[in-house]
Structure formats: structure tokens, C-alpha cells
1. Out of ALA322, ALA298, report the one residue that is aliphatic (A, V, I, L, M) and within 23 Å of GLY49 (Cβ to Cβ).
2. Please count how many residues of the stretch 123-141 are of a type in the set (Asp, Glu), farther than 18 Å from LYS181 by Cα and in contact with a helix residue (DSSP H, G or I) (Cβ under 8 Å, 6 or more places away or on another chain).
3. Which pairs turn up if I take residues in the stretch 303-323 that are assigned by TED's automatic domain parsing to the domain that holds VAL356 and closer than 14 Å to PRO37 by Cα and look for partners that are surrounded by fewer than 16 Cβ atoms within 10 Å (Cβ to Cβ) and of a type in the set (Gly, Ala, Ser) with beta carbon separation below 6 Å, at least 6 apart in sequence or on another chain?
4. For VAL243, which of the numbered conditions (1) surrounded by fewer than 22 Cβ atoms within 10 Å (Cβ to Cβ); (2) of a type outside the set (D, E, K, R); (3) touching a Ser or Thr at 6+ places or on another chain (Cβ under 9 Å) fails to hold?
5. Tell me which residues, restricted to the stretch 14-44, are in a strand (DSSP E or B) and within 20 Å of LEU263 (Cα to Cα).
6. For the structure I just gave you, tell me whether THR138 is of a type in the set (S, T, N, Q), modelled with pLDDT under 95 and crowded, with 21+ Cβ neighbours inside 10 Å.
7. Is it the case, given these coordinates, that PRO110 is more than 18 Å from PHE278 (Cβ to Cβ) and either outside any helix (DSSP H, G or I) or at pLDDT below 95 (or both)?
8. Looking for whichever is of a type in the set (Phe, Trp, Tyr), modelled with pLDDT of 95 or more and touching a His at 6+ places or on another chain (Cβ under 6 Å) here; the options are PHE172, PHE102, PHE131. Which one fits?
Amino acid sequence: MSATSAFHIAVLAGDGIGPEVMAPALDILRRIEATTPGLAFRFTDGAAGAGHYKETGKSMPESTIKLCDEADAILLGACGLPSVRYPDNTEIMPQVELRFIFDLYAGVRPARLIPGVPSPIVGAQEHGIDFVLIRESTEGLFASMGKGVTTHEEARETLVITRKTCERLFDFSLRLAQRRKARGKQGLCTCVDKANAFKAYAWFRSIFDERAKNFPDVKTDHVYVDACSALMVRKPWDFDVMVMENMFGDILSDLAAGLIGGLGMAPSADIGDTHAVFQPCHGTAPDIMGQGKANPTAMILSAAMMLDWLADKHGQQPAADAALRIERAVDAAYASGIKPMEFGGKDGTAAIAKAVMQALG
């Protein structure tokens, strides 16, 4: 990409509160564009989600898949509605389909406690919480999605772990620990598994140890997933980068969000070798849809993650600087006293977005 061309962003607003949180994130990206020389965007909307399925019988059209393939990055609001389901009673989840279509094997779930945001963990504000959970996103137990077998007597799903994906996943996680160390973080990468009970996880751990030898400047550790859940609640500040199988990551990433104020504060990304999707960890929240109550912070921080990834992928320092600007603006907005409704406050989507925009300057 040349210094003068625009990043092409596929925008999938989705269902429920997805469009409501997407709008302020795009406004902030446009403000960033207007105030950052050498950084430009071109946004293209794509249809996806339960609403599209209800109208057409497909979670997303081929045109959306083509758009995502051609775009520099994919920004997604939230997809799925409990009332709209496939014939087998599973929900419409194009966000999961995109992981398989584009081989987005690294699910990146940052957990950073913003000063002033309440945490249920005693000592969290004093010690700080700032770690990244990496969830393998294409294999594990989710490899069986839609393929499980049920009879009157039993149900079976099959867990799949491959060397190719493990090697890429661990290299990604160890490189992230390197980058974080360069930014003053611990530089620790922890493998989370159940190696004491299952051969598959013991094999998973052995590959982690193999790849770690290529990163001698990164500290490594292992922890069983059950012990990990307890440690995350007792001393989450001890973690830096954590890497784990798909289902474990699906569960522990929500726990991580709970430590930093909830899903409304938790951004995420699904990243592969060539494509990446950025979206908030929260769902479509149909119970508050259209009421202006949705917290857009996770969506805004997901947009910042997108800029950081684009900067790393294309060597674009202005994008990296812009990502940091957005993070600092979010911090400043919360320091100014905004309090989202899920914290018992009065600030909804518009008020939070306005505070962040003002902090950008």
C-alpha cells in the first residue's frame, strides 16, 4: 500500500446494537483521518447477520464475502439474534463463518482495565490489569461445529488440533509477547491447556515448547485451564499474553472481559496470515436495541486494534500513532467521569461517543 492510498475497510454493522456502536466508531475513524496526514480510509458496507438471513436464507451474500476478501481489514459490529436460528436451532453467526473462510486462527482478546472503570477484583486499580488472551479460532472443539452427531442415547463432538495451526498460533503469541516487552510489558507468554488429562492438550503444550525455543527473549509458562480461571480472578495482573485452545478461549475471554468492566469494554480481533476481523466481544443485546443505551467503547477500541494491525502489516506509523490516540482518548473520556449505563450510570451511546470525540481534540 502506498503512503497516499486509502485503507479499504469492509463494514459489517450486523444486528441488534451492532449498527448503533458501529456509527460512532466510524465517526472517530473519520476524525482520525481528518487530523492525521498520510492516513485515509474508504469504507464499504456489507450485509451480514440474522436480519439478512431472515430476508434471504443466507447469513451473508457472496458479495459480502468478496468484499471482505478484497478489503484491507474487516470491521464488524455484532451479529445474531436469539429469535432467528438455523433449522438445527443454532444461531446465525457470520462472524464465526468468517474465521473459517479466511483462516483467522488467532482470536485476540485484550483485557486492559481503564482507570476509573469498576472491576470486581480487589486491588485491580492498584495493580492494573493489562493482558492479552489469544484464542485459537478455527480448530479445537469448534472444528466440530455443525458436524456433531446425536442419537437418542448420546451426543458426540470431536476436538481437532493440528500442528500447522499450533505453530502459527504460538509464533503469533510469542511475537506479541516480544512486542509487548518492547513497550514495557512483562514479555511473558503462558500456554493454557489441560495437558494433565488429555493427550491432545499435552501435544498442544509440546508444540508450544518447541516454538518457544525460537523466542529466547520471551519468558514462557504453562498453567492448566481450571487453575488459570482461579488465577485470573485472584491475580490477573500476573498475566501478559495467554494462548489456548478454542473452547477454553471462548469461555475465559468472557471471564477476562468481566475483570475489566464487562463485554462493553472488551475489544477483539480474529487474525490470520492475510485477513483480519475486528469487533467488540459483546453480542447484539436485542433487549436494549434502539434505546441509545449501548456502550460503544469496545467497538471504538476494536477500531484502534484494527489501526495497530494495519500499521504492523503495512509499516504505516501514522496508523500506529492513531491507534494510540484513540486508546488515550478513551482513557481520557472515562477520566472525565463518564459512566455507562451497565455501571449504573446515565451515559449511553451518544454521551460516551461524544466524550471520546472531545478527548481526541
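1. One residue alone meets the criteria, ALA298.
2. Count: 2.
3. Final answer for the pair search is PRO318/GLY38.
4. The number of the failed condition is (1).
5. GLY14
6. So THR138 fits the description; yes.
7. In short, no.
8. Every option except PHE102 fails the conditions.
The values are calculated or read from the model by the stated rules, or taken from the named source; none is laboratory data. This is a predicted model, so every value here is computed, not measured. Heads up, the Cβs are rebuilt from the backbone with ideal geometry, glycines too, and the neighbour counts pull from every protein chain shown.
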